[in-house]
1. How big is the chain in terms of Cα radius of gyration and Dmax, in angstroms?
2. Within the chain, which complete DSSP H helices have Cα atoms spanning at least 30 Å along the helix axis and a mean Kyte-Doolittle hydropathy of -0.5 or higher?
3. If I model a spin label at N285 and N262 as a point 7 Å from the Cα along the Cα→Cβ vector, what separation in nanometres do I get?
4. For the pairs K100/K394; K213/K408; K318/K404; K348/K408; K36/K78; K65/K171, flag any whose C-alpha to C-alpha distance is greater than 32 Å.
5. Cut-off is 10 Å between beta-carbons; in what order do D356, D77, D170, D321 appear when sorted fewest neighbours first?
6. Under 5 Å between amide hydrogens, which residues at least 5 positions from Q120 or on another chain qualify, with H placed 1.01 Å from N in the peptide plane?
7. For the pairs K35/K154; K81/K385; K48/K355, note any where the Cα-Cα span goes beyond 26 Å.
8. What aspartates and glutamates does K351 reach when the alpha-carbon gap must be under 20 Å and sequence neighbours fewer than 8 apart in one chain are set aside?
Amino acid sequence: MKEKLEKLPFYNQMVLPYHFAGAAAAGIKYKFPAKKMRVIGVTGTNGKTTTCFMIWKMLNEAGHKTGLLTTVAWGVDKLQKQIEHMTTVDSKTLNSRIEKVRETGAEFLVLEVTSHAMAQFRTLGIPVEIAVMTNVTHDHLDYHKTFERYRDAKRKLFKKAKYGVINADDKSAKYFKQDVKEYVTYGINGGEKRAKKIALAASGVEYVCDEMKIKTQIPGNFNVYNSLAAMCVGEKLGLSKEEIEKGIFALAEVEGRMNRVNEGQNFEVIVDYAHTPDALEKVFNSVNGHKGRIISVHGGAGRRDESTRPIRGEILGKNSDIVIVTEDDSRDEDPEKIAAAFVEGAKKAGKKMDKDLFVEIDRGKAIEMAIKMAKKGDLVLLLGKGHEKTILRKEGPVPFEDLKVARKVLKGLK
């Protein structure tokens, strides 16, 4: 029934009073627990989760008890995995978890904030000391309808913040600067805090910014940006140079973000959450020095922005030697129809069916196909699901994890 209602014109606007009332009720029930902590909110299209983890780890390593609420996990010292297929959970769950974080005596709270959350008042009553913008690219237009409305939903976080940390290299930076009285900008090409002498490796990234030498254990050029944002937060909160450097390096990995799966095979397997055009481009850019073949497995979610499907298919086709189109959270949409749009894009990039382009709707079989195709020196990219523990099909959620499936298939090769 809900799925049918959501297809009605202006449905999202019609239910805004309901969202507001629910958020207000949740805040009152839990006595607005976030007001008793210093909140750092992180928004953007990509990089939010990793940036949140870097800030959380950095503060805890520096001796500041800090809570974390992200797409992947939530908690303080011992994190609990988040099973919901959403980043900023509903207002009631959100306030309940914030209260549990507060009860531990946490001084800080690092909160990952989405455009949906801002549009639906989920963060009502949550004061924001520092707002961070990672980047703003094409996403969620199924809900927001236009890029401008999507961008402006994210800007709401900055309108309520005391201080902003803004990616100067992003085209939307100028808009976020207008929304906060005090801010700092960061970037590679621009910004007050600029990364220089960048070195990229499979083991992580390394660069210099002012007097700091930043190293991460997570690879990818995009983690230069994520760590720069974390560094800016650390500086604003008064952490020392050593505390910032040590804290950022201390983060070993984030589940579902550029995770290498190694069971002794002679080729690489990486699992990543990338599911937007920009995120896919970033993943491919981070592995563009790979000398072997690249075999990519990816698909699109149902009832999500359809316009990106052929675009993503083309990105896969241009950057992969072999593309295997599969399912994602198809929900009540026909997965074959979703896959066809990806195939259209991959063909535009020159891929040919049954030669270097394949469709295997069953995601488990698609992962197995990719791994069995791989030869010495190849790279298998499993993209789109990342940390998620279920796959949403027409019949409902079904247990499924890319990392677990990949490990099982690799073990079976021995």
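Every number here is computed from the coordinates shown, using simple stated rules; none is lab data. Note that the coordinates shown come from a computational prediction; the quantities given were computed from them, not determined experimentally. Neighbour counts are summed over all protein chains in view; Cβ atoms, including those assigned to glycine, are modelled from backbone coordinates with ideal geometry.
1. 20.9, 60
2. Details: long enough: none.
Sorted by number, there is nothing, because no helix extends far enough and scores high enough.
3. Each label point lies 7 Å from its Cα, and together they span 2.6 nm.
4. Checking Cα-Cα distances, K100/K394; K213/K408; K348/K408; K65/K171 exceed 32 Å.
5. Numbers: D356 17, D77 10, D170 21, D321 14.
Listed from fewest to most nearby Cβ atoms, that is D77, D321, D356, D170.
6. The answer is none.
7. Details: K35/K154 21 Å; K81/K385 15 Å; K48/K355 37 Å.
Among K35/K154; K81/K385; K48/K355, the Cα-Cα distance tops 26 Å for K48/K355.
8. Within the straight-line limit of under 20 Å, K351 reaches these aspartates and glutamates: E281, E314, D321, E327, E336, E360, D378.
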